[in-house]
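Participant: Dropping a structure here in structure tokens format, bear with me for questions.
The values are calculated or read from the model by the stated rules, or taken from the named source; none is laboratory data. Worth saying up front: this structure is predicted, and the values here are computed from it rather than measured. Counting neighbours? That spans all protein chains shown, and the Cβs are built from the backbone with ideal geometry, glycine included. Please note that ligands, DNA and RNA were not included when accessible areas were found on the heavy atoms of the full protein model with its side chains. Shrake-Rupley method; radii C 1.70, N 1.55, O 1.52, S 1.80 Å.
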Amino acid sequence: MNLLGEPGVGLSGGPGKPVPFVANVQEVARTQAWGSLFALLLLATSHLWVHGHQPWDVVTGARGPFPAALGAGAPVAPERVVRRPSAFDEALVHGLYVRETGSLSGVTAVNVRTGKEYWRYERPDSEPGVDTSDVSERTVVAAFHDGRLIGVDLRTGKPLWHVDIQYAEGYRTTALAGGQALTEAPGAVRAFAERDGRSLWTAKTPKSCPDGLLVTAYALPGHLSIVPLVCNVTNPDRDGYYLLLGIDNRTGKVLWQQHIAAPKLIVRGGKHTLVIPDEDHPPAVQVLDVNRQGVTARALTAADAWDAVAGGGGIVLSAIDPGDRSEEEHDTLLRAYGTRDGHLAWQLRAPAGQEYGFPEIADGRVYVVRQPFLTGKDTGRRIHADLLVLDLSTGHLLHTLRLPAMTVPDESRGLDVRDIGDGAVSVGWRDHEGGILIAMD
């Protein structure tokens, strides 16, 4: 039994229970007297579950009023650097950026305008700490290496809930989709309510996939969740493979399953479309139409050297090196493909000596950094780069912003757009923390 009072394998997905902070429920309840005492203790400490943390956890709560967002949606013409963060990752939302703490023992939200920490939640006793986290408009969810999943209110920084899932040692993930927090469980994928941590459903994985690593999750119309998994990541005796599950997100029923190529990256190309470049067989690309009935794969007619890096609005973007690939490849060509037919919609070539970072799509526009060629020999050199804003459907240039000079860190291969939201754009070094944040009020 896990701390939800449910079996650890083959869970039925029934309603969850408050998580008591007692080391071993079974030992406490061995006798009727101890059972009564436990019930009293649980009643007395039930407020701890509401707040969702242990007494020794670090919970600062919100410091000051909730910050105002810099604008609505993505900026049409970003104009200025708000601040230069020392570390930038994760998500921009409601005037905050949310990331894991430097010690990886928790999560923190930082005010975009001031650069000051707005709230922090940490578990000093957690080893080795947070594996992954995800953010919605209201909630931050983090998966810890020891099996704990926690939900924190974005506005207040107060823990909302936590659950402990007995699971083998290893990297764990979580993803928010459609108001549900998904994570791995033994032989299953589990879903919890984003706001209160109720156990919503458990979807069993196939017998050939007793342990799976959640790649991401998508909530589609018709009560459908799409969940890509990497199977057999911790068992060297089993062949690893990639699996796509279609799950009814009301009941946890697995509607269908589909083997997929080893993905270099999975992007959502449209409301019902996923694009999956084949890591083992470039330039092969899978375009999958998904619904409750199953998966339909479509061939592409113009998929040469297509490494999907961003998708949206029926377009998938690829930043590629059209020449011979080598150790010092440079992505000098930005290509856009339509997911309906796979045909090239437009392309943009960088000027001589310059290349593109990874782009992002938001509100019908493309955001991408154009920078000088970078190699390992450029470490420590200061460079200038430009942020470009393009029309998604045509590739026409809408706006250019010269970024402030930045020093190339060790082993970095370029600047990528990290996230876009609420009138701000974050830009960071690939393979390295740190970057800049620009915005238009």
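Participant: Within the range 366-374, can one find any residue that is closer than 30 Å to ASP289 by Cβ, in contact (Cβ under 8 Å) with a residue 60 or more places away in the chain and surrounded by 13 or more Cβ atoms within 10 Å (Cβ to Cβ)? Full working, then the answer.
Facilitator: Keep residues of the range 366-374 that are closer than 30 Å to ASP289 by Cβ, which gives 366-368.
Among the residues that remain, those that are also in contact (Cβ under 8 Å) with a residue 60 or more places away in the chain are: 367.
Now drop any that are not surrounded by 13 or more Cβ atoms within 10 Å (Cβ to Cβ), which leaves 367.
Yes - at least one qualifying residue is present in the range 366-374.
Participant: Among the listed residues VAL152, VAL163, VAL189, identify the single one that is farther than 22 Å from TRP119 by Cβ and either open to solvent by 20 Å² or more (accessible area, probe 1.4 Å) or of a type in the set (Val, Ile, Thr) (or both).
Facilitator: Details: VAL152 fails: farther than 22 Å from TRP119 by Cβ; VAL163 fails: farther than 22 Å from TRP119 by Cβ.
Checking each option against the conditions leaves just VAL189.
Participant: With the checklist (1) within 29 Å of ILE165 (Cβ to Cβ); (2) part of a loop (DSSP other than H, G, I, E, B); (3) free of Cβ contacts under 8 Å to residues at least 40 places away in the same chain in hand, flag the one item THR108 doesn't pass.
Facilitator: Answer for THR108: the failing condition is (2).
Participant: Just to be sure I understand, how many residues within the range 241-257 are of a type in the set (Ser, Thr, Tyr) and open to solvent by less than 80 Å² (accessible area, probe 1.4 Å)?
Facilitator: Step one: list which residues in the range 241-257 are of a type in the set (Ser, Thr, Tyr), which gives 241-242, 251.
Still in the running and open to solvent by less than 80 Å² (accessible area, probe 1.4 Å): 241-242.
Of the residues in the range 241-257, 2 are of a type in the set (Ser, Thr, Tyr) and open to solvent by less than 80 Å² (accessible area, probe 1.4 Å).
Participant: Could you check the range 60-105 and list, in sequence order, the residues that are assigned to a strand (DSSP E or B), open to solvent by less than 50 Å² (accessible area, probe 1.4 Å) and modelled with pLDDT of 85 or more?
Facilitator: Matches in the range 60-105: LEU92, VAL93, LEU96, TYR97, VAL98, ARG99, GLU100.
Participant: Right, next: Can you name the strands (runs of 3 or more DSSP E) wholly within the range 227-270 that have at least 3 residues being under 20 Å from LEU288 (Cα atoms) and modelled with pLDDT of 95 or more? Can you show your working first?
Facilitator: Working: elements: 241-248, 254-260, 267-270.
So the answer is 241-248, 254-260.
Participant: Here is a follow-up. For the range 115-141, name all the residues that are assigned to a strand (DSSP E or B), under 13 Å from GLN180 (Cα atoms) and not polar (S, T, N, Q).
Facilitator: Going residue by residue through the range 115-141, those that are assigned to a strand (DSSP E or B) are 117-122, 130-135, 139-141.
Those still in the list that are under 13 Å from GLN180 (Cα atoms) too: 134-135, 139-141.
Within the range 115-141, ASP134, VAL135, VAL140, VAL141 meet the criteria.
Participant: Are any residues in the range 223-240 open to solvent by less than 40 Å² (accessible area, probe 1.4 Å) and either out of contact with any Leu (no Cβ under 7 Å at 6 or more places or on another chain) or among the charged types (D, E, K, R) (or both), and if so, which ones? Talk me through it step by step, then tell me what you get.
Facilitator: Residues of the range 223-240 that are open to solvent by less than 40 Å² (accessible area, probe 1.4 Å), as a first pass: 224-232.
Selection gives LEU224, SER225, ASN232.
Participant: Do we have ALA302 as part of a loop (DSSP other than H, G, I, E, B), open to solvent by 20 Å² or more (accessible area, probe 1.4 Å) and at pLDDT 90 or above here?
Facilitator: The answer is no for ALA302.
Participant: Please go through the range 376-397 and give me each residue that is surrounded by 13 or more Cβ atoms within 10 Å (Cβ to Cβ) and either within 25 Å of ALA77 (Cα to Cα) or β-branched (Val, Ile, Thr) (or both), ordered by number. It would help to see each step written out before you state the result.
Facilitator: Of all residues in the range 376-397, those surrounded by 13 or more Cβ atoms within 10 Å (Cβ to Cβ) come to 378-379, 383, 385-393, 395.
Listed by number, the residues that qualify are THR379, ILE383, ALA385, ASP386, LEU387, LEU388, VAL389, LEU390, ASP391, LEU392, SER393, GLY395.
Participant: Being in contact (Cβ under 8 Å) with a residue 40 or more places away in the chain and open to solvent by less than 20 Å² (accessible area, probe 1.4 Å) is true for just one of LEU274, LEU265. Which residue is that? Give the derivation first.
Facilitator: On the way: LEU265 fails: open to solvent by less than 20 Å² (accessible area, probe 1.4 Å).
Among LEU274, LEU265, only LEU274 is in contact (Cβ under 8 Å) with a residue 40 or more places away in the chain and open to solvent by less than 20 Å² (accessible area, probe 1.4 Å).
Participant: Which of (1) farther than 15 Å from ILE226 by Cα; (2) assigned to a strand (DSSP E or B); (3) open to solvent by 10 Å² or more (accessible area, probe 1.4 Å) is the odd one out, the single condition ASP280 does not satisfy?
Facilitator: (2)
Participant: What number of residues within the range 203-220 satisfy the criterion of being within 19 Å of ASN249 (Cβ to Cβ) and charged (D, E, K, R)?
Facilitator: 1
Participant: Checking the structure you have, find out if any residue of the range 160-182 is within 27 Å of LYS271 (Cβ to Cβ), among the charged types (D, E, K, R) and modelled with pLDDT under 95. Don't jump to the end; show me each part of the working.
Facilitator: So the first thing to find is which residues in the range 160-182 are within 27 Å of LYS271 (Cβ to Cβ), and the list is 173-182.
Applying the additional criterion that residues be among the charged types (D, E, K, R) yields none.
No: the range 160-182 contains no residue that is within 27 Å of LYS271 (Cβ to Cβ), among the charged types (D, E, K, R) and modelled with pLDDT under 95.
Participant: Within the range 283-299, take every residue that is open to solvent by less than 30 Å² (accessible area, probe 1.4 Å) and closer than 25 Å to VAL254 by Cβ and give me the one that is modelled with the lowest pLDDT. I'd like the intermediate steps shown before the answer.
Facilitator: Our first condition is that a residue be open to solvent by less than 30 Å² (accessible area, probe 1.4 Å); within the range 283-299, this holds for 285, 287-288, 290, 294.
The next check asks that each one be closer than 25 Å to VAL254 by Cβ; those that pass are 287-288, 290, 294.
Numbers: VAL287: 85, LEU288: 89, VAL290: 93, GLY294: 94.
Looking at the filtered set, the residue picked out is VAL287.
Participant: When you go through GLY428, GLY342 one by one, which is the residue that is modelled with pLDDT under 90, open to solvent by less than 40 Å² (accessible area, probe 1.4 Å) and not in a loop (DSSP other than H, G, I, E, B)? I'd like the intermediate steps shown before the answer.
Facilitator: Working: GLY342 fails: not in a loop (DSSP other than H, G, I, E, B).
None of the other options fit; the residue is GLY428.
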